[in-house]
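Throughout, read-outs are computed from the coordinates displayed, never taken from laboratory work. What you see is a predicted model, and the numbers here were worked out from it, not measured in a lab. In this analysis, Cβ positions are derived from the backbone assuming ideal geometry, glycine residues included, and neighbour counts consider all displayed protein chains.
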Amino acid sequence: MQDETKEPTAGDVEKKDTPAPDKQESPEKQAAPPATENQAEPPKATPSKVTPPAAGHKPPPPKKGPILTVEITGDEFIELIKQKFGSAITETVATLNQQIVRVNRDSLVELCRFLHDNEEFGFDLCADLTAVHWPGRESGEFDVVINLFSLPRQRSMRVKVAVPEGQSCPSVTSIWAGANWMEREVFDLFGIQFEGHPDLRRILLPEDWPGHPLRKEYPIEYRDNEWTDKHLEYREIDYDTSLIDVKYTERR
Amino acid sequence: MQNQEVTKDPGTLFDAEEMVLNMGPQHPSTHGVLRVVLKLDGETVVDLDCDVGYLHRGVEKIAESDNYAMITPYWDRLDYVAAVSGDLCYVGGVERLLQVEVPKRAEYLRVILTELQRIASHLLWLGTHAIDIGAVTVLLYCFREREEILKIFEDFIGARLTAHAFRIGGLWWDIYPEFEKRVRDFLAILPDRIEEYETLLNTNRIWLSRTVGIGVLPAEDAINLSVTGPVLRGSGVKYDIRKAMPYSAYRDFDFEIPLGENGDTYDRYLVRMAEMRQSASIIEQALDGLPEGPVMAKVPKVLKPPAGEIYHAIEAPKGELGVYLVSDGTGKPYRMRIRPPSFINLQSLKRMSIGHLVADVVALIGTIDIVLGEVDR
C-alpha cells in the first residue's frame with residue numbers, strides 16, 4: 001500500500017539498475033488475480049501485496065515494495081498468549097507470513113515453557129537459536145532470536161527477546177535440550193551470557209580467543225594476528241638463501 | 001576386606017575406573033577435523049564431549065561485508081558434498097526477501113539438481129559409513145554412481161563439487177540438449193544399483209550386528225535435541241520440510257516420507273536408502289512436467305532487499321538447512337545466520353553413544369552424517 005506513495009524516492013536507485021520495465025514482475029502487480037493462479041507456488045508469498053494501481057499510461061518498473069510487517073489479528077493461539085502473558089508480550093507481528101512474538105527478558109522461559117507444553121499447539125522443535133547485534137539500540141543491544149516449529153500443528157513461530165549489553169539472557173536449554181550448542185555458539189560469537197546454561201563454553205573459537213567476532217564493532221581484518229602470534233610463534237630460521245632465487249619478505 | 005584394599009591400590013592396571021580417550025582431530029573416521037573426547041569404563045563409553053571449530057572460517061561475519069550475490073559461493077563450501085542444496089537455501093531466502101517470483105522452469109530444474117545432489121550426498125554417506133564399519137566394497141560401487149551425477153553437474157554447471165548452481169532469481173543458463181537424456185539414463189540404472197548395495201549390506205551379518213540396535217534415539221529425545229533430517233525420520237517422526245513448509249516447486253510432486261521405527265543406526269540407513277528412491281521419483285516427475293519458459297526472473301543488477309527479515313529453511317540431505325537473513329535495505333545483509341543441520345545433529349552423538357562401545361562411536365558419527373565444513377562454518 002505504501003508502494004505507490006514511496007515510489008519516486010525508493011525506486012529511484014533501482015530504476016537505473018533495472019532495464020526494460022516489462023515482463024516477469026509487472027504482470028503480477030498489474031493483474032494480480034490471474035497471475036497468482038498458477039504462480040502461487042511459494043507458500044509464503046506476501047499476502048495481498050499491492051492493490052494494483054489503475055492501469056496507467058506506462059507499466060510501473062519492476063521495483064520491490066517494502067516488506068510489509070503487520071500486526072497479527074485474529075490468530076487463536078497468539079490471542080491466547082497475549083491473554084496469558086499480558087504486558088510481557090511487547091509485539092506480535094507477521095512479516096512475509098512469518099509470525100514474530102517479542103517478549104520481555106524476564107518472561108522468556110515462562111513463555112517458552114508454555115509454548116512447549118501447550119497440548120494443542122506444542123512448539124516441540126527448537127529449529128534455530130541465534131542473535132542479532134543492534135549497537136546503540138535503546139531497548140537492548142542484542143536480539144536473541146528463537147525459531148520454533150510445532151510438529152503437531154506444522155507451523156512455525158519466531159520468539160525474540162532484547163538483551164542489553166552486559167546483561168544475561170535466560171537459557172532455554174531446560175525446555176529444548178537442542179538449544180545447548182546454539183546458545184554456546186551465541187555466547188561464543190556475541191558474548192551474551194545465558195543464565196542457567198549447563199555448560200557455557202566457547203564452541204567454535206578457541207578458549208582464549210580475544211573478543212566476540214559477530215559484534216558489529218569487531219573488525220575482521222588482522223584480528224587473528226594476536227592469537228596466532230601467541231600460539232604459532234614465529235621464529236627466525238637461518239636459511240642459506242643465497243642459493244635460492246626467492247626474496248623472503250619480512251613478516252609485517 | 002581384601003577386595004577393598006586391592007581397589008584402593010593405585011599401582012595396578014585393572015583398578016582403573018575410568019579412562020579418557022582422545023579421538024581425533026585427525027582420525028579417519030571422524031570425516032574431517034572433529035575431536036571427540038571419550039570417557040571410558042573399559043570399552044564402554046560413559047561420557048563424551050565433542051570439540052568442534054577447527055574449520056571455522058567465520059562465514060557469517062564475512063557475509064556482512066559482501067553483497068548478496070557474492071555470498072552464494074560461500075554456501076557451496078559449507079556442506080561441500082551437497083553444495084547445490086546450500087545454494088538453494090540461500091538463494092531461496094534472498095528471493096523471498098526480494099519478493100521475486102522465480103520462473104517455473106527454473107524451479108523445476110532446481111528441484112532436479114537438488115534431488116540429484118541428495119542422491120549423491122547419500123551415496124557418499126553410504127560408502128563412507130560402510131567403510132567405517134568395515135564393508136569396503138560398497139564405497140567403490142557408490143562412487144561409481146556418484147561419479148555419474150557429478151559428471152551431469154560438471155557438464156551443466158561447470159563444477160563437480162562446489163557447484164554455485166543457482167543465481168538469485170533463477171538459473172545461470174538453460175539446460176543443454178542432452179541433459180534430460182543423461183538424467184533419465186542415470187535414473188534408469190539407479191534402482192538396480194541401490195538393490196546392489198542392499199544385497200551387499202542387508203543380509204550381511206557383520207553389518208547387521210554393527211547397526212541394529214546401536215545408537216537408539218527415541219523420538220522424544222530426537223525432537224528435544226532439535227535433530228532433523230534422516231536422523232529424525234529414522235526415529236519415526238514425520239518431519240520433512242519439503243512437505244511441512246514446501247519451498248521451490250515441491251508442492252507439485254508426489255512423494256513419500258520414509259520413516260524408521262526403532263531409531264537405531266540400521267533404521268537411519270533404511271531411511272536414507274528409501275529417500276534415494278523417492279528422490280529418483282521426484283526427478284522423474286520433474287522431468288516429465290518440465291515447463292517451457294525463461295529460467296531467470298527479472299532482478300536488478302544491484303540487489304538491495306527492502307528492510308526486513310526472513311527465516312528460510314530447506315530439507316538438505318543432512319537435515320534442516322536454514323538461513324536467517326536480516327536486511328537493513330542496503331546491498332549487504334545486516335546479519336546472515338546459517339542454521340547448519342550437521343552441527344545441531346551432532347549434539348545427539350552424546351545421547352546415542354553413552355552405553356555403547358568405542359567402536360560404535362565410529363558407526364554413530366557416520367550415521368549422523370556430518371560434514372565438518374558445515375559444522376564449523
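In angstrom, the C-alpha Rg and Dmax of region B:95-228 are 18.5, 54.
Ordering A:W176, A:V159, A:H197 by the projection of their Cα atoms onto the charge dipole of region A:158-199, which places +1 on the Cβ of Lys and Arg and -1 on the Cβ of Asp and Glu, puts A:V159 at the extreme positive end.
Per-residue mean of foreign Cβ neighbours for B:298-310 is 6 (Cβ atoms of other chains, 10 Å radius). Between the Cα long axis of helix B:83-98 and the first principal axis of chain B there is an angle of about 50°, rounded to the nearest 10. Taking θ as phi - 60° and the Karplus parameters 6.51, -1.76 and 1.60, the scalar couplings of region A:107-121 work out to 9, 4, 5, 4, 5, 5, 5, 5, 4, 6, 8, 4, 5, 7, 9 Hz in sequence order, x denoting glycine and proline.
A cut-off of 5 Å between modelled amide H atoms, ignoring neighbours fewer than 5 places along the same chain, links B:R167 with B:W172. Take the Cβ atoms of B:I62 and A:L232, set R0 to 22 Å, and the FRET efficiency comes out at 0.50.
Close amide H contacts of A:R155 (hydrogens built in the peptide plane, cut-off under 5 Å, sequence separation of 5 or more or a different chain): A:S150.
Please work out the FRET efficiency for the pair B:R251 and B:E195, using the Cβ-Cβ distance as r and a Förster radius of 35 Å; give the result to the nearest 0.05. Show your work: numbers first, answer last.
Working: r = 30 Å, r/R0 = 0.87.
Here the calculated transfer efficiency is 0.70.
Relative contact order for chain B: what percent, with Cα pairs under 8 Å and sequence separation of 6 or more? Mind showing how you got there, number by number?
Working: 714 pairs, mean separation 96.9, N = 377.
Relative contact order here is 26 percent.
Above 16 angstrom, tally the Cα pairs of region B:253-299 and express them as a % of all pairs, no decimals.
Numbers: 594 of 1081 pairs.
Value for region B:253-299: 55 percent of Cα pairs lie more than 16 Å apart.
Site pair A:E195 and B:R160 shows an inter-label distance of 5.5 nm when each label is modelled 7 Å from Cα along Cα→Cβ. Pairs of Cα atoms in region B:74-124 fall into 5 Å distance bins, from 0 up to the last occupied one, in shares of 5, 21, 24, 25, 15, 8, 2, 0 percent. With contacts taken as Cα pairs under 8 Å and at least 6 residues apart, region B:126-257 reaches a relative contact order of 13 percent.
If R0 is taken as 35 Å, the Cβ-Cβ distance between B:E17 and B:A219 corresponds to a FRET efficiency of 0.55.
Taking the Cβ of B:V52 as the centre, find all other residues whose Cβ is under 9 Å away and add up their charges (Lys, Arg: +1; Asp, Glu: -1). Could you put the intermediate results ahead of the total?
Details: positive: B:R35; negative: B:D51, B:D376.
Residues near B:V52 contribute -1 overall.
Greater than 27 Å separation of Cα atoms is the criterion. Which listed pairs, B:K61/B:K304; B:K104/B:K243; A:K84/A:K160; B:K39/B:K238; B:K151/B:K318, meet it?
Flagged as over cut-off: B:K39/B:K238.
So what's the angle, to the nearest 10 degrees on a 0 to 90 scale, between helix B:358-368 and the longest Cα principal axis of chain B? Orientation of helix B:358-368: about 10 degrees from the principal axis.
Cα extents for region B:209-281 along the principal axes, largest to smallest and rounded to whole angstrom: 39, 26, 13. A P(r) calculated from all alpha carbon pairs of region B:225-377, with 5 Å bins opening at zero, reads 2, 8, 14, 17, 16, 14, 12, 9, 5, 2, 1, 0 percent. Entry note: region A:95-229 has Rg to Rh equal to 1.01, where both radii use alpha-carbon atoms and Rh is the Kirkwood radius. The angle separating the long axis of helix B:104-133 from the principal Cα axis of greatest extent in chain B is about 20 degrees. Chain B has equivalent-ellipsoid semi-axes of 40, 25, 17 Å, by the square roots of 5 times the alpha carbon gyration tensor eigenvalues, sorted largest first.
Under the definition of Cα pairs under 8 Å and six or more residues apart, what whole-number percent is the relative contact order of region B:58-215? Intermediate results must be reported in sequence, preceding the final value.
Details: 146 pairs, mean separation 38.8, N = 158.
Relative contact order of region B:58-215: 25 percent.
Once backbone amide H atoms are built at 1.01 Å from N, B:D47 has B:K39 as its partners under 5 Å, excluding neighbours fewer than 5 places away on the same chain. 3J(HN,Hα) along region B:324-332, derived from phi through the Karplus expression 6.51 cos²θ - 1.76 cosθ + 1.60 where θ = phi - 60°, amounts to 10, 10, 10, 10, 10, x, 9, x, 10 Hz, with x in place of Gly and Pro. Extent of region B:27-89 along its three principal axes (Cα atoms, max minus min coordinate, largest first): 53, 22, 18 Å.
Is the shape of region B:174-307 best called rounded, prolate or oblate, per the rule: a/c under 1.5 gives rounded, else a/b larger than b/c gives prolate, else oblate, with a ≥ b ≥ c the square roots of the Cα gyration tensor eigenvalues? Here region B:174-307 falls in the oblate category.
Using all pairs of distinct alpha-carbon atoms, the Kirkwood hydrodynamic radius of region A:138-181 works out to 12.0 angstrom. Counting Cβ atoms of other protein chains within 10 Å of each Cβ in A:173-181 and taking the mean gives 5.
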